[in-house]
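Single-structure report; data block below.
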Ligand SMILES: [Zn+2]
């Protein structure tokens, strides 16, 4: 019986599990000679952990959007402050 990668709760069937990218710190071989260290891998999770991961991803995307908006606002303010040529 598969278990949730994060909390260890058993999942009744693989179809009932959710696959999400989670932080693992494993090595992934991208080419024949080179191992690329990656911190994320696809793992089976229970519905509760999958929801939590989804919420985290959404929050992270929102933070990036917020940073970009702040960056644009700073650029706008600087362009207004700059003396005309
Ligand atoms: Zn879980």
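Quick check: the angle from helix 47-81's long axis to the longest principal axis of the chain, C-alpha only, nearest 10 degrees?
The two axes meet at around 10 degrees.
Could you check which residue among 72, 42, 63 shows the biggest mean-square fluctuation in a GNM of the chain with a 10 Å Cα cutoff?
Greatest mean-square fluctuation among the candidates belongs to 72.
State, as an integer percentage, the relative contact order of the chain based on alpha-carbon contacts under 8 Å between residues 6 or more apart.
Computed over the chain, the figure is 25 percent.
What shape does the chain have by the C-alpha gyration tensor, where a ≥ b ≥ c are the square roots of the eigenvalues, rounded means a/c under 1.5, and otherwise prolate means a/b greater than b/c and oblate the rest?
Oblate, because a/c is 1.5 or more while a/b does not exceed b/c.
Bear in mind these aren't lab numbers, they're just calculated from the coordinates by the rules spelled out. Note that the structure is predicted; figures quoted are calculated from it, not measured.
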